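Only one structure is covered here, and it is reproduced in the block below.
Please treat every number below as a calculation from the coordinates, not as lab data. What you see is a predicted model; the values in this text were computed from it and never measured. Neighbour counts are summed over all protein chains in view; Cβ atoms, including those assigned to glycine, are modelled from backbone coordinates with ideal geometry.
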Amino acid sequence: APLLILDEATSALDTESERKIQNALEVAMKDRTTLVIAHRLSTIENADTIIVMDKGEIAESGSHKNLLAKNGLYTQLHRMQFKEPSTN
């Protein structure tokens, strides 16, 4: 099966350019396994599985929705990036 690896593919882009690239990448990722390495969570929100790394270890894994529900590290990162208030 084809494999596509994207390592910080949109990290240097402005928001509008990032959105355009993401839309094009959705087509390129269709019917292939894709490994996306990203710090911008908006880049990976639609992934089937997100693996959150912390100090070289897997801290959490799951879908965007599942990880937000866990209220763990992914949720903290999401709140910081999207400036959402904490519910703690």
Matching residues, the range 30-48, being on the phi > 0 side of the Ramachandran plot and part of a strand (DSSP E or B)
none
A careful count of residues in the range 3-29 that are assigned to a loop (DSSP other than H, G, I, E, B) and surrounded by 10 or more Cβ atoms within 10 Å (Cβ to Cβ) gives 5
